[in-house]
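Here is the structure we will look at.
The values are calculated or read from the model by the stated rules, or taken from the named source; none is laboratory data. Keep in mind that what you see is a predicted model, and the values were worked out from it rather than measured. All Cβ positions, glycine included, derive from the backbone under ideal geometry; neighbour counts span all protein chains shown. Side chains are part of the model used for accessible areas, which takes the heavy atoms of the whole protein and leaves out ligands, DNA and RNA. Shrake-Rupley method; radii C 1.70, N 1.55, O 1.52, S 1.80 Å.
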Amino acid sequence: MTAPQSVGIVAPQTAHFAEPLPLRSGGTLAGYDLVYETYGTLNADRSNAVLVCHALSGSHHVAGVYADEPQNVGWWDNLVGPGKPLDTRKFFVIGVNNLGGCNGSAGPCALNPATGRPWGADFPFVTVEDWVDAQARLADRLGIARFAAVMGGSLGGMQALSWTLQYPERVGHAAVIASAPKLTAQNIAFNEVARQAILSDPDFHGGHYYEHGVVPARGLKLARMVGHITYLSDDAMAEKFGRSLRHGKAVYSYDVEFEIESYLRYQGDKFAGHFDANTYLLTTKALDYFDPAFSHGGDLTAALARAQADFLVVSFTTDWRFSPARSREIAYALMHNGRRVSYTEIDCPAGHDSFLLDDQQYHAVLTAWFDRIEV
Amino acid sequence: MRYDYEVIAEWIAPGEKVLDLGCGDGSLLRHLAEVRQICGYGVENDPEKLLACVKNGVNVIQMDLDKELEGFEDGFFDHVIMSFSLQAVHNTQGVLAEMLRVGREAVVSFPNFGYWRHRQSILNGRMPVSESLPHQWFNTPNIRFFTIADFEALCERNGIAIRERLAFDEGKLVLDEPNFLASAAVYRLGRD
């Protein structure tokens, strides 16, 4: 076995789609760009393509680095590459920046062709299903009739699941990781706090802040801080920060005293420096709306009856934002449809963020699962 | 291949839905998929065994066998199998009840602690170690020590119908005095 390697230097590509895309929120997107990256080589049968769907803060930059930004490593680089669980010597891997994103695909901070100004708050609501439709058009463009696999974590897992329902004949395998068939009220509540932080920032300007030359950085920072708390486990936070005091004792101020405060502020600032607040709003709404069982009277088994793929469902013991119980619902609903499905609960201390880490058992299961996929 | 696999395969009709509790590396389910084209799922909680199932291409669900099969529909499976694992679970009665809730029939095999060699070992003052009980007392995963007679008394008590029983002495069929002469037994169970 060769040691795992990086896919190396990669470059994003842009595909323009002129045909209007009907959206679940009503109306259409007249024309749009999708930015994507690919790793590995599409085989002659075009049967080895794997789509990797990103979560809230992800993008098309799944693996490798950019020539001019050697520090900008793809968000799932530990998973994708030669000798890695999703081995690019076997598979042709695609990452796409979703509609409404802020990394080059059509979204609030991109120009609205109708006005020549940034879309801002006028960018329409997009859903997981709309993203999947857009990804399917990109697949058409790349000549991929059927994916060997579609995979994703968290919100990306929702897209993988939705693929198997919207285009059942186009998905051979689906890996749904640290995800859920729908958000709980508590989970929506966290998203709402994040949104209110942005919406109440005086620099938000009803979503048209680009024209004012400002960004609602304070709101976006707060939103990310709340999110970050929910992505980590209580134990992981205790282990990493505990009650460590920067000055070794209480100094009675609202500046950073506890190390966890420093960490959250740093993460919030970093995120607010590069992410778009409107994208954050749209994406959290897409999370909230996702509920494929809704149109089946809440019966998830009935909702998943359309799926034809072979599934891998993975959860993490310490993930309370997308708890193992939610993943089990997906696994059982698939089982009750007689679908091929395996479900594993990885014992990893890092909470929801575990899905981005390279836990040995987690990656061993993924490796074994991808190894069995015939292309 | 373990000798009980052939017996179990005889009881499974082609295309059945089968659940194997404590499925190990999935070899029984794989065998049943080959000879009976079943739609099979295993339940396993050991990470290494679970990984082996994925490598074997067997559907496996990670869960603790001592917990109820919460979320599993009543009567979804044709057969629910527990092959040489019943002696290793705490919640014996609960597991048997759950097997017959989610399955039309249950198939259970276990080592017979009443086997004459085991009795002889005890008479000689040592805990039995044999082909069917390969572990030492200090490292055995087994926590319930019971005989064929004990198991049948529990079935009677809990309203579990014994539809068929086959007893073996290290792989050879035993017809007489199974509680004394058999090292293991395989049962096909139903609801009374």
Notebook entry, point to check: How large is the charge dipole for chain A, taken about the Cα centre, if only the Cβ atoms of Lys, Arg (+1) and Asp, Glu (-1) carry charge, to the nearest 20 debye?
Noted result: 320 debye
Checklist line | Estimated inter-spin distance, A:Gln360 and A:Ser25, nm [label 7 Å along Cα→Cβ] | finding: 4.6 nm
Checklist line | Estimated 222 nm signal from helices in the protein assembly as shown, with DSSP H stretches of n ≥ 4 weighted -39500 (n - 2.57), rounded to 500 | finding: -9500 deg cm²/dmol
Margin query: Compute, for the range A:187-284, the length of the dipole vector about the Cα centre, with Cβ point charges of +1 (Lys, Arg) and -1 (Asp, Glu) only. Units Debye, rounded to 20.
Written below: 160 debye
Note to self: Suppose we keep just the DSSP beta bridges with both residues in the protein assembly as shown; what percent of those would be antiparallel, to 5?
What the structure shows: 40 percent
Notebook entry, point to check: Name the trypsin sites (Lys or Arg not before Pro) in the range A:276-375 that are in a loop by DSSP and that have at most 14 other C-beta atoms within 10 Å, would you?
Noted result: A:Arg372
Item checked: Loss of accessible area when A meets B, both sides summed, Å² nearest 100, probe 1.4 Å -> 1800 Å²
Item checked: Residues of the range A:80-115 with amide N under 16 Å of the 7 Å Cα→Cβ point at A:Glu211 -> A:108-115
Next item on the list: Among A:Gly351, A:Gln361, A:Leu138, pick out the residue whose Cα is farthest towards the positive end of the charge dipole of the protein assembly as shown, where Lys and Arg carry +1 and Asp and Glu carry -1 on C-beta, about the Cα centre.
Entry: A:Leu138
Next item on the list: Filter the cross-link list A:Lys249/A:Lys270; A:Lys90/B:Lys55; A:Lys240/A:Lys285; A:Lys84/A:Lys285 down to pairs whose alpha-carbon distance in this structure exceeds 23 Å.
Entry: A:Lys249/A:Lys270; A:Lys240/A:Lys285; A:Lys84/A:Lys285
Notebook entry, point to check: At a 1.4 Å probe, what is the % contribution of carbon and sulfur to the accessible area of the range B:1-68?
Noted result: 46 percent
Next item on the list: Please find the FRET efficiency linking B:Trp137 to B:Glu68, where r is the Cβ-Cβ separation and R0 is fixed at 25 Å, and quote it to the nearest 0.05.
Entry: 0.25
Note to self: Threshold 40 Å², probe 1.4 Å: give the residues of the range A:352-369, in number order, that are less accessible with all protein chains present than with their chain alone.
What the structure shows: A:Gln361, A:Ala368
Checklist line | Whether the range A:277-375 is rounded, prolate or oblate, judged on the alpha carbon gyration tensor where a/c under 1.5 counts as rounded | finding: oblate
Notebook entry, point to check: Residue farthest toward the positive end of the dipole of the range A:187-284, with Cβ of Lys/Arg at +1 and Asp/Glu at -1: which of A:Gly219, A:Gly242, A:Asn191?
Noted result: A:Gly242
Check: Considering only A:Asn103, A:Thr115, A:Gly156, whose Cα is most displaced toward the positive end of the charge dipole of the protein assembly as shown, charges sitting on Cβ of Lys, Arg (+1) and Asp, Glu (-1)?
Finding: A:Thr115
Note to self: Checking the a/c ratio against 1.5 first, then a/b against b/c, what shape does the Cα gyration tensor give for chain A?
What the structure shows: rounded
Notebook entry, point to check: Check B:Glu164: other-chain or 5+ apart residues with amide H under 5 Å from its amide H, H built from backbone geometry?
Noted result: B:Arg188
Item checked: Inter-probe distance in nm under a simple model that places probes 7 Å from Cα toward Cβ, at A:Gln186 and A:Ala250 -> 2.9 nm
Check: Short version: which residues of the range B:53-81 lose at least 20 Å² of accessible area, all chains versus chain alone, 1.4 Å probe?
Finding: B:Val54, B:Lys55, B:Gly57, B:Asn59, B:Val60, B:Ile61, B:Gln62, B:Gly71, B:Phe72, B:Glu73, B:Phe76
Note to self: Can you compute 3J(HN,Hα) from phi for each residue in the range A:87-101, using the Karplus curve 6.51 cos²θ - 1.76 cosθ + 1.60 with θ = phi - 60°, rounded to whole Hz and x for Gly and Pro?
What the structure shows: 7, 6, 6, 9, 10, 9, 9, 10, x, 10, 7, 6, 4, x, x
Check: According to the square roots a ≥ b ≥ c of the eigenvalues of the Cα gyration tensor, what is the shape class of the range B:69-109, taking rounded for a/c under 1.5, prolate for a/b larger than b/c otherwise, and oblate for the remainder?
Finding: oblate
Item checked: Per residue solvent-accessible surface (Å²) - chain B, probe of 1.4 Å -> 47 Å²
Note to self: For chain A, what does the accessible surface come to per residue with a 1.4 Å probe? Please give it in Å².
What the structure shows: 41 Å²
Margin query: Give me the percent of accessible area attributable to carbon and sulfur for chain A, probe 1.4 angstrom.
Written below: 53 percent
Next item on the list: Determine the residues within the range A:300-338 where the difference in accessible area between the chain on its own and the full set of protein chains amounts to at least 40 Å²; count protein heavy atoms only and use a 1.4 Å probe.
Entry: A:Tyr332, A:Met335, A:His336
Item checked: Pair B:Asp46, B:Arg157: separation of 7 Å Cα→Cβ label points (nm) -> 2.8 nm
